Every structure is written in C-alpha cells, then in structure tokens.
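Readers should treat all values here as calculations from the given coordinates under stated rules, not as data from a laboratory. All figures in this text were calculated on a predicted structure; none of them were measured in a lab. All Cβ positions, even for glycine, are placed from backbone atoms using ideal geometry, and neighbour counts span all protein chains on display.
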Amino acid sequence: MFLLKADLIITMKIDIISVVPDLLQSPFGHSILKRAKDKGLLEVNVINLREYTTYSRAQVDDYPFGGGAGMVMMVEPLVNAIESLQKTTSYDEVIFLTPDGETFNQQIANHFSLKENLLLICGHYKGIDQRVRDHFITKEISIGDYVLSGGELAAAVLVDSIGRLIPGVLNDETSALTDSFQDNLLAPPVYTRPEIFRGWKVPEILMGGNHAKIDQWRMEQSLQRTKERRPDLLQDDPLPSS
Ligand code: 6GU
C-alpha cells in the first residue's frame with residue numbers, strides 16, 4: 001500500500017539490472033512515469049551489470065558448457081549484483097525477463113503495482129546461467145511470443161504498465177479502471193472536439209448528456225469490439241493466476 005493513514009507516501013522502487021543500461025535512460029523520463037517520479041511515487045534505478053564482474057574487460061558472458069550457439073550470462077556477476085542490492089533492499093519479487101517466462105498481462109501488472117520493491121533482471125544472449133534462476137529469481141516474465149534481443153525493452157514495458165497503476169500516479173484515479181483489459185474487455189471508442197470533421201460525426205449518444213445511456217452505449221461497444229477482435233478474452237477465467 002502506498003498512501004497510509006497518516007498520508008505518508010511510500011515510494012515504489014524498481015531496480016533494473018542490465019548490460020546495456022543506456023537503453024533504459026529515456027523511457028521513464030516522460031509523461032505519466034515522469035509525473036510518478038516527480039510526485040515521489042516511483043523510483044527507477046538502472047544498474048550496470050558490468051560493474052559487478054570480477055573478470056577482465058568487464059566480461060559478463062561466456063560460452064555454454066556442452067557447446068552450442070550463443071553466449072550465456074555468467075552466474076557470478078549476476079549474483080554479485082543481486083546480493084549487493086539485497087544488502088540495502090528487501091525485494092518483494094526478483095523478476096527475470098525472458099521469452100520462456102509467464103506471459104505478461106494486465107492482471108500481473110495489477111499484482112506487481114501493489115508491491116514496494118521490485119528487482120528486474122534483463123537477459124541477453126542465450127540467457128542466464130540456470131543457477132541464477134534456480135536460486136534468486138521469484139518470477140519469470142515474457143511480454144509475448146516473439147524474441148527480443150534483450151530484456152530491456154520488456155523491462156520498460158513492465159515499468160510503464162506497473163508505474164501508471166501505482167495509486168496516486170494517474171490524475172483521475174478511475175481512468176485505470178476503464179482501461180482495456182481491466183475487466184477482460186477492450187476499451188470503447190472515444191472522441192473529442194470537433195463534433196464534425198470532414199463530415200464525420202461523433203455518435204449522437206455521446207453529445208446528449210444522458211450518462212446512463214452513454215455508459216450503456218460504451219459497454220455495448222466494448223463487448224462488440226471484444227467479440228470481434230479478442231473473443232478469447234470473453235472465455236478467459238477473469239481471476240488472476242497468482
Ligand atoms: Cl522478457 N525477453 C526477450 N529477450 N524476448 C522477449 C521477451 C523478453 N518477451 C518476449 N520476447
């Protein structure tokens with residue numbers, strides 16, 4: 001929880017371990033996430049894995065035992081980095097971003113948004129030494145069935161989707177509730193000024209001011225969109241898996 005009775009604000013902290021920290025410099029400095037940081041609700045730290053290696057030339061990867069293509073991120077630099085961070089922070093989850101993880105969705109974002117301290121670990125090359133996964137990782141997350149060259153963009157997706165859900169981050173607290181996926185439905189169409197553009201009119205119902213009718217129209221549109229585009233959502237068990 002983030003707003004305690006005494007109005008004490010607790011910052012959510014997300015630490016990210018990466019071999020290409022530069023990739024993560026820009027994504028969190030804009031828009032809603034910038035506001036979350038400025039309000040003191042979210043802190044994001046990017047940690048360069050190469051600072052934790054004892055090998056020469058800042059080496060963090062090596063050939064796989066047993067042969068095969070690609071490099072593997074070594075156990076020692078990762079464990080050094082994780083244990084060093086754990087000295088000052090007790091993480092609620094240590095999350096490894098990997099294409100073979102559980103597929104990320106809104107329910108998982110909701111779940112993580114209620115945590116206080118998260119550690120994200122970005123994989124690269126052919127992955128990380130399995131012993132890190134066995135002994136330190138508490139959740140493995142993928143952002144979809146395609147392969148990225150590293151976990152950084154996936155980490156940015158997680159931070160964005162989680163950060164905007166932290167209580168107090170969005171101006172209008174209800175607006176996260178009307179997002180697509182929050183109730184397993186896609187969001188309805190939206191319109192703003194002008195009422196007519198090139199002869200294309202805004203649906204009359206939205207201009208009438210009858211909010212019960214508008215709510216009903218939006219629900220029908222949501223259902224119709226979901227049936228057409230994502231019928232699978234209507235069959236899914238709406239309960240979160242964890
Ligand atoms: Cl989390 N990492 C990588 N490397 N590729 C992915 C992914 C993550 N999620 C989907 N593809």
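By the count of neighbouring beta-carbon atoms within 10 Å, fewest first, 28, 136 end up ordered 136, 28. In percent, rounded to a whole number, the relative contact order of the chain is 20, using alpha-carbon pairs under 8 Å and six or more apart. The GluC sites (Glu not before Pro) of region 141-242 that meet both conditions, a loop assignment by DSSP and at most 16 other Cβ atoms within 10 Å of the site Cβ, are 195.
Considering only 212, 176, 154, the Gaussian network model of the chain with Cα springs below 10 Å gives its largest mean-square fluctuation to 212. Among 179, 61, the order by Cβ neighbours within 10 angstrom, fewest to most, reads 179, 61. Using only side-chain charges placed at the Cβ, +1 for Lys and Arg and -1 for Asp and Glu, the dipole size of the chain relative to its Cα centre rounds to 700 debye.
Computed from the C-beta positions of residue 59 and residue 183, the FRET efficiency with R₀ = 45 Å rounds to 0.40.
Other residues whose C-beta falls under 11 angstrom from the C-beta of residue 30 contribute a net charge of +2, scoring Lys and Arg +1 and Asp and Glu -1. Hydrophobic, long helices, defined as DSSP H runs whose alpha-carbon span along the helix axis is 15 Å or greater and whose mean Kyte-Doolittle value is at least 1.0, occur in the chain at 152-163.
The charge dipole of region 71-152, taken about its Cα centre with unit charges on the Cβ atoms of Lys, Arg (+1), Asp and Glu (-1) only, comes to about 100 debye. Farthest toward the positive end of the dipole of the chain, out of 17, 66, 53, is the Cα of 17, where the dipole comes from beta carbon charges about the Cα centre. Of 209, 144, 29, the residue with the greatest mean-square motion in the GNM of the chain, using alpha carbon springs below 10 Å, is 209. Checking every one of the trypsin sites (Lys or Arg not before Pro) in region 1-82 against DSSP loop status and a limit of 10 other Cβ atoms within 10 Å picks out 5.
I want the local charge near residue 103. Using Cβ-Cβ distances under 11 Å, sum +1 for each Lys or Arg and -1 for each Asp or Glu among the other residues. Spelling it out: positives minus negatives among the neighbours equals -4. Basic side chains Lys and Arg get +1 at the Cβ, acidic Asp and Glu get -1 at the Cβ, and with that the dipole of region 180-235 about its Cα centre reaches some 200 debye. Counted by neighbouring Cβ atoms within 10 Å, the residues 192, 53 run from fewest to most as 192, 53. Placing a pseudo-label 7 Å from each Cα along the Cα-to-Cβ vector at residue 8 and residue 233 gives an inter-label distance of 3.9 nm.
Each part reduced to its alpha carbon centroid, region 170-216 and region 12-38 end up 31 Å apart. Largest GNM mean-square fluctuation among 103, 138, 88, using the chain with Cα springs under 10 Å: 88.
Cα centroids of region 45-97 and region 113-158: 12 Å apart.
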